[in-house]
Amino acid sequence: MSFLNGFIQFGSSFIISFATLFVFSAAYNTLLHPFRKFPGPRISAISRFPWIRDWLSGNLHRSVQQMHDTYGPIVRVAPDELSFIEAEAWNDIYGIKSGKSFIRDPKWYANLTENQDDIIVANEAGHARFRKIFSPFFSDKSLRQNETVIMKNINLLMKKLQVQMKDSDGIADMVKWYNWTTFDIIGDLIYGESFDCLKNAEYHPWLAVVLQNIRLSSYVALMERYSFLKKIIMSLLPKGLLEKRNMHLAVIREKCASHVQSKVDHGIVGSLAGTDTPLTTGELEANLALMTMAGSETSATTMSAATFYLATNKIAASKASAEIRSAFSSESEISWAEVQKLRYLMAVIKETLRLYPPTPVGLPRRVISEGEMVMGHFIPKDTVVYVTQYSASRSKLNFREPNEFKPERWLAYPEFKDDNRDVVQPFITGPYSCIGKSLAYMEVSLVLAKMLWNFDWQPGMKNLAFENQKVYALWQKSSLAIQFKPRGSFW
Ligand code: HEM
């Protein structure tokens, strides 16, 4: 009995302490916090719980968009966190002050490799060192040298799709095919060998793991924030996810080790693995693990989304296909140098990146200096700010018909003259921006050019629900079944 009484007493004191703490912190957040003047839902100003709920349910991009629609261009999405949707905020938050005043929020960015920093989570000096080492591999010169290898994979995609079409009445799940393509390309560029997903027309077991890791990273990010809840969060993890993360690392280790032994001199590994290298083995593994994921998933997302928008927009699809078919007299003329001149195709890609940015939620920056100005507002130390791409793109404050796919807005059409195009920064800006931007443009434009050259797409498919996806930092894409026919066949 005395044990029961003790237990009840302990329980009640715990609840009272917790409730008191909650009331005090809610009062502080509402009345005294430096962010009290910024608009947003009251519950989000008091507590981070709504943010956690939306983050874990994959709906954060939608809920932040609703907040901006309701409260305007600056919103308090959590007690110590502001989201912006104006172009000037990019430079203020991600520009040259990055690294000195703003860092990637360590409470959000999860370390993919245990105890080993990669370019994303490294400190300012570490980041600069990694960036210097890896930048040459993503330069225009290097990409031109690798064009044959990239094209080899894209040509294989075309061939395989032609075969598949015969067997499936022209229907193909393009999410799958594009994932395979970009993964094979990154395999060639990093490890000097393709993963052969296209050849075998199936997921390499590792790719399946990489895709699963996206979901895992959202849980790991929560663990970084609430380390005292680590055990509970771990127990909520979908079964087997952690083992898969370990497998991801094991494959990278095995790939690096086998390259060192065989002294293969192509691919990034060929240049950087071994004894005479500016990186430790751990640093190399961590960065390659990151790039394998960052360099394949995001480009595949862009290809899938562009395909979705073209398949559901008859006029845009026929303009894009007419442009390509009149620019070349044979498929072999299609090259990176030439596709960059296709204005409509480039506008299609930009419009896709606007409506379906591969990193849709805010990439948070924590203030480490005594405070900084963002859009004329003082942002104190240890608070978090970001631009939310999905909300910025879909706001009426920035675009006419924000939810409509209109490549014409990138081509100086007068009806879109007031669009705020500078707010669209899918690769972000500044010293921490995407290292693979040119590679991404190259892959996406060549793939789309060849798809439009080789196939007639069933026009105006209306029943595709591809926009309605969940986001766990990156999009959790469902399948995308598109019907094609070899060029010149009739529907
Ligand atoms: C459409 C495709 C892509 C998009 C939209 C994209 C977007 C981004 C964004 C928004 C960031 C900043 C992340 C942050 O600060 O949290 C980033 C960083 C990065 N991306 Fe990409 N990316 C794409 C393709 C690629 C490709 C093909 C690679 C090749 C490996 C790549 C490698 C990286 C790396 C290594 C970083 C870290 C750069 C640094 O910290 O200096 N990305 N990317």
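The values are calculated or read from the model by the stated rules, or taken from the named source; none is laboratory data. From a predicted model like this one, the values you see are computed outputs, not experimental measurements. Glycine also receives a Cβ, built like all others from the backbone with ideal geometry; neighbour counts cover every protein chain displayed. We work out accessible area using only protein heavy atoms, side chains counted, and drop any ligands, DNA or RNA first. Shrake-Rupley method; radii C 1.70, N 1.55, O 1.52, S 1.80 Å.
Key figures
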{"quantity": "The listed residue being open to solvent by 10 Å² or more (accessible area, probe 1.4 Å) and under 19 Å from the mean Cα position of the chain (by Cα), out of ILE120, ILE171, ILE133, ILE185", "calculated": "ILE120"}
{"quantity": "Enumeration of residues in segment 418-452 that are more than 6 Å from the ligand (Cβ to nearest atom), open to solvent by 40 Å² or more (accessible area, probe 1.4 Å) and in a loop (DSSP other than H, G, I, E, B)", "calculated": "ASP418, ASN420, GLN425, PRO431"}
{"quantity": "Residues within segment 188-210 that are within 19 Å of THR148 (Cβ to Cβ), of a type in the set (Ser, Thr, Tyr) and open to solvent by 10 Å² or more (accessible area, probe 1.4 Å), tallied", "calculated": "1"}
{"quantity": "Members of segment 104-129 that are within 11 Å of the ligand (Cβ to nearest atom) and under 30 Å from ASP69 (Cβ atoms)", "calculated": "ARG104, ASP105, TRP108, TYR109"}
{"quantity": "Flag for ILE154 being open to solvent by less than 20 Å² (accessible area, probe 1.4 Å), at pLDDT below 95 and out of contact with any Phe, Trp or Tyr (no Cβ under 7 Å at 6 or more places or on another chain)", "calculated": "no"}
{"quantity": "Condition met for TYR390 (in contact with a His (Cβ under 6 Å, 6 or more places away or on another chain), surrounded by 15 or more Cβ atoms within 10 Å (Cβ to Cβ), closer than 26 Å to GLU467 by Cβ and hydroxyl-bearing (Ser, Thr, Tyr))", "calculated": "yes"}
{"quantity": "Given (1) under 21 Å from VAL471 (Cα atoms); (2) away from the ligand (no atom under 14 Å from the Cβ), number of the condition VAL210 does not satisfy", "calculated": "(2)"}
{"quantity": "Qualifying residue in segment 7-14 (condition: assigned to a loop (DSSP other than H, G, I, E, B) and open to solvent by less than 40 Å² (accessible area, probe 1.4 Å))", "calculated": "no"}
{"quantity": "Residue, nearest to the ligand (Cβ to nearest atom), within segment 372-398, restricted to residues that are under 20 Å from the mean Cα position of the chain (by Cα) and of a type in the set (A, V, I, L, M)", "calculated": "VAL387"}
{"quantity": "Test: residue in segment 320-337 that is over 27 Å from the mean Cα position of the chain (by Cα), open to solvent by 20 Å² or more (accessible area, probe 1.4 Å) and of a type in the set (Lys, Arg)", "calculated": "yes"}
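Let's see how each residue does on (1) within 11 Å of the ligand (Cβ to nearest atom); (2) modelled with pLDDT of 90 or more:
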{"position": "LEU272", "(1), (2)": "no, no"}
{"position": "LEU284", "(1), (2)": "no, no"}
{"position": "ALA306", "(1), (2)": "yes, yes"}
{"position": "ALA311", "(1), (2)": "no, yes"}
{"position": "ALA316", "(1), (2)": "no, yes"}
{"position": "ARG325", "(1), (2)": "no, yes"}
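The rows are residues; the columns are (1) open to solvent by 10 Å² or more (accessible area, probe 1.4 Å); (2) more than 13 Å from the ligand (Cβ to nearest atom); (3) touching a Pro at 6+ places or on another chain (Cβ under 8 Å).
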| position | (1), (2), (3) |
| --- | --- |
| ARG343 | yes, yes, no |
| GLU351 | no, yes, yes |
| VAL361 | no, no, no |
| ILE368 | yes, yes, no |
